[in-house]
Amino acid sequence: MTAFSLDPGQTSWCEELRALAEQRLRPLAEKGEPGHVNRPLIAALGESGLLDRMLDSGALDLCLLRESLARGCTEAETALALQGLGTHPVLRAGTSAQRARWLPEVRAGRAVAAFALSEPGAGSDAAALTLHAEPDSGTGSVPGRGWRLTGEKCWISNAPEADFYTVFARTTRGAGSRGVTAFLVPADRPGLTGTALDMLSPHPIGTLCFDGVPVTVEDVLGEPDRGFRVAMDTLNLFRPSVGAFAVGMARAALDATLAHTAERIAFKGPLKDLQAVSHQVAEMATRTEAARLLVYAAAAAYDAGEPGVPRRAAMAKLYATETAQYVVDTAVQLHGARALRRGHLLEHLYREVRAPRIYEGASEVQRTVIARELYANKEASA
């Protein structure tokens, strides 16, 4: 078996996932209300065992899961990924009580999770967040065991409809990334409100306003002032899988392009016989395969506990998301005006493919991570 090729069992599983996405999940996605959490779709993900598989998977399985679902139904892929992003900190850093309360509900598709890191002034620069947690001398029945959260989160997927939020707040001022604590905040806490945002691609996403929201030591994920580590652990796992999502979209666009250019007659023959077309299709396929292999390599490195995971994860996300943008755009060009019609697969992908180059660290941030690690390794070996 060559490096990063799939064995027959993995290939079969990917095809099963794609068929499930197309036949069962896509109809549920199409019935959902744009811009809102699709709870029947999430319930179906739970009933099919995919949420279980996601939470129990390593990075490579997570990538195969996201790529295969994205190829058949991007909404299903996104719903699953958001559940993972919001729940992974609980899985890895939560207390036994937190895990017992929320993980069975997530696995069954009954509870909706959200990852609340970004703020209006702290998106890519996550260490600059300003949502602050002030010590609360009178939280609950035991004084001195809690905080009050005050501030705002923005661009939070599944907000304001999630059932619980993984929230990152500043507990020590002036300490940069070392003064951030992760909290598990149920949506029904007093003082927590939110507003939905209308985005280019109509996903559930919104703002959260914290007006003295009470949290206690029982709500901390991990250790106080060590929440940035929780965030980075989550992002190091999910960044390659964002690349897998992008690869899935690129493969869907490539599939559609192969079918269209083989059937569409122009200039007395199929489009595929025009060198200008066939060479573009070849370029689309080559870049997609390169992105796919880079994603698998990053995921395998994460699973093996190898050094350089942040750099590899950044490379995978950067290259795969930029590639997907290119492939989808080229597919639209080769399809012509029909691809711009509302409801066409490529019109849908064209809107979907733009955001992954921004969220979980924009492409520019990924380049910074890569360069920083390269120079650090050079200095260490000098």
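Here Phe210 meets each of (1) in contact with a strand residue (DSSP E or B) (Cβ under 9 Å, 6 or more places away or on another chain); (2) at pLDDT below 95; (3) aromatic (Phe, Trp, Tyr) with one exception, condition (2).
Looking across Ala362, Ala380, one residue alone is surrounded by fewer than 18 Cβ atoms within 10 Å (Cβ to Cβ), farther than 21 Å from Ile205 by Cβ and at pLDDT below 95. It is Ala380.
Among the candidates Ala299, Ala246, Ala253, Ala355, which residue alone is buried (at least 24 other Cβ atoms within 10 Å of the Cβ) and either under 21 Å from Thr368 (Cβ atoms) or outside the structural domain of Leu374 (by TED's automatic domain parsing) (or both)?
Numbers: Ala299 fails: either under 21 Å from Thr368 (Cβ atoms) or outside the structural domain of Leu374 (by TED's automatic domain parsing) (or both); Ala253 fails: either under 21 Å from Thr368 (Cβ atoms) or outside the structural domain of Leu374 (by TED's automatic domain parsing) (or both); Ala355 fails: buried (at least 24 other Cβ atoms within 10 Å of the Cβ).
Ala246 is the lone residue from the list that is buried (at least 24 other Cβ atoms within 10 Å of the Cβ) and either under 21 Å from Thr368 (Cβ atoms) or outside the structural domain of Leu374 (by TED's automatic domain parsing) (or both).
Can you give me the number of residues within segment 168-182 that are closer than 12 Å to His132 by Cα and touching a helix residue (DSSP H, G or I) at 6+ places or on another chain (Cβ under 9 Å)?
Our first condition is that a residue be closer than 12 Å to His132 by Cα; within segment 168-182, this holds for 168-174, 179-182.
Of the ones still in play, those that are also touching a helix residue (DSSP H, G or I) at 6+ places or on another chain (Cβ under 9 Å) are 168-173, 179-182.
Number satisfying all stated conditions: 10.
Hey, can you tell me all the residues within segment 243-287 that are basic (Lys, Arg) and free of Cβ contacts under 8 Å to residues at least 60 places away in the same chain? Passing the criteria: Arg264, Lys268, Lys272, Arg287.
Cβ-Cβ distances below 6 Å connect the following pairs, each with a first residue in segment 11-36 that is of a type in the set (Lys, Arg), a second residue that is buried (at least 18 other Cβ atoms within 10 Å of the Cβ) and assigned to a loop (DSSP other than H, G, I, E, B), and a separation of six or more residues or different chains: Arg26/Cys73.
The values are calculated or read from the model by the stated rules, or taken from the named source; none is laboratory data. Computed from a prediction, not measured in an experiment: that's the story for all the values here. Here Cβ is always computed from backbone atoms with ideal geometry, including for glycine, and neighbour counts include all displayed protein chains.
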